[in-house]
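The values are calculated or read from the model by the stated rules, or taken from the named source; none is laboratory data. Only a predicted model underlies this, so the values are computations on that prediction, with no experimental measurement involved. Using ideal geometry, Cβ is built from the backbone for each residue, glycine included, and neighbour counts are taken over all protein chains shown. What goes into the accessible areas is simple: the full protein's heavy atoms, side chains included, and nothing from ligands, DNA or RNA. Shrake-Rupley method; radii C 1.70, N 1.55, O 1.52, S 1.80 Å.
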Amino acid sequence: MMNNHRIHRVAKLTGLSKDVIRVWERRFGILKPTRGANRYRNYSDEDVALLRFLKEQLDAGGSIGELAKLGREELLGRARASAPRASFVDNTFSRLLRELLSTLNPFDRVIFEKRLNGAVAVVPFEEALHGILLPLQEQVGQLWHEGHIDVAIEHYVTKQIQQKIFSAMNQLPVAEFGAKVIVACPPGEEHDIAALTVAYRCRVRGCRVYYLGANVPVASLANLCGKVEPDLTIISFPLALSDDKVTELVQALADEVSPVSNLAVGGHGAIAMRDFFLKYNITVLEEFAELDHRLDRLMRHTLSRG
Ligand code: B12
């Protein structure tokens, strides 16, 4: 997937100043920004990779004059050989994550929010969600658990992350056709960020999503299923329940939410409780790729149904 970046973002991603980028562009002609309708320069991922490579070479003692003589294609080839894109993206994400975490202790709200906004703006939202927002959530939880940050800071970050996901969802048009999907957390479960993520993925893929969030009683879920007749109901289990509780819950789901074949569960808890679900033929989605697969099939089916 190719992204376009404005110059301030390129500067952030490469560690070079905007002036240096402009000068190199003018003097050496090795960058190929396009101009958007607003006349701003848009740099490609290739430009960013090339600049990062140049920066590394300069840091290691290279000369820009000599390097620039190699020309764009040769430099890009060398950049690719020295840093495959996947690791470039991973490195960028882990650097952003480190930078974000460093603004929490001591706490600097303005820098945190600026960095978070910047990080989310630069890549397609789904990549940012899985590459930055969810890892941030997990790490902040870890820091709080270990006593490095106060629970108030953890709450603040959680709300920031939720805002980002909700606002990305709000920008999507209301789906009127696609497969009908209900997404919920089981009774008593307040950890709903993963469920929100699931809802977002379903929305982006064109489904008609009924997102219910945390703590949904089985009877109410069954009631809604009766009315909506969803093609799929997904319940997120971030945590495992005790054996007693899961037995009771799965029994209730199997009795009340029909057909069971349209029911799927996911999350660390669901995986830990896999056997209970499989006993009732409830699908356990082990990872997001499996969810996507299921959604693809559903969407094809729904569209062919007209
Ligand atoms: C944020 C948070 C909260 C927030 C939740 C806010 C919200 N709206 O979600 C609040 C403050 C409400 C909260 C409350 C509690 N929490 Co809390 N919380 C966390 C924290 C910090 C982050 C959880 C999170 O969002 N993780 C990120 C998400 C994305 O990860 P996830 O939910 O596990 O989902 C992943 C997978 O499971 C999977 N997944 C989930 N669903 C699905 C579905 C499908 C289809 C697929 C494919 C995948 C999938 O995808 C995700 C990405 O990998 C964790 C600590 C941590 N480091 O994780 C503790 C943590 C989960 N909480 C914990 C506890 C104990 C509680 C409380 C009981 C009280 C307390 N002592 O704090 C209450 C109970 C609430 C309740 N009744 O449910 C414990 C759980 C321990 C355990 N294993 O039982 C944890 C681990 C902290 C700890 N170490 O003690 N919490």
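Remarks
- The chain - mean residue ellipticity at 222 nm from DSSP helices (-39,500 (n - 2.57) per run, n ≥ 4, rounded to 500): -18500 deg cm²/dmol
- By the Cβ-Cβ criterion of under 4.7 Å, the unpaired cysteines of the chain are Cys185, Cys225.
- Computed from backbone phi, the HN-Hα couplings of region 272-284 come to 5, 9, 2, 4, 4, 6, 5, 4, 9, 6, 8, 5, 9 Hz, rounded to whole numbers (Karplus: 6.51 cos²θ - 1.76 cosθ + 1.60, θ = phi - 60°; Gly and Pro given as x).
- Both the radius of gyration and Dmax for region 187-306 are 13.6, 43 Å, in that order, over alpha-carbon atoms.
- Across Lys180/Lys279; Lys12/Lys69; Lys69/Lys114, pairs whose alpha-carbon gap is larger than 27 Å: Lys69/Lys114
- Computed with every protein chain present, the accessible area of Tyr156 is close to 50 Å² [probe 1.4 Å].
- Degrees, to the nearest 10: 134-145 long Cα axis against longest axis of the chain: 80 degrees
- Under-5 Å amide H pairs with Lys180, H placed in peptide plane, nonlocal only: Arg208, Asp231, Leu232
- For the chain, Kirkwood radius (reciprocal of mean inverse C-alpha pair distance, Å): 22.1 Å
- Rounded accessible area per residue of the chain, 1.4 Å, Å²: 53 Å²
- In region 4-83, one over the average inverse separation of all distinct C-alpha pairs is 12.6 Å, which is the Kirkwood hydrodynamic radius.
- Taking region 1-126 and dividing mean pair separation by its residue count, relative contact order in percent (alpha carbons under 8 Å, at least six apart): 24 percent
- Helix 218-228 axis versus longest C-alpha principal axis of the chain: approximately 80°, rounded to the nearest ten.
- Two-decimal Rg/Rh across region 41-182, once Rg and the Kirkwood Rh are taken from alpha-carbon atoms: 1.08
- Restricting the GluC sites (Glu not before Pro) of region 208-306 to loop positions (DSSP other than H, G, I, E, B) with no more than 16 neighbouring Cβ atoms within 10 Å leaves Glu286, Glu287.
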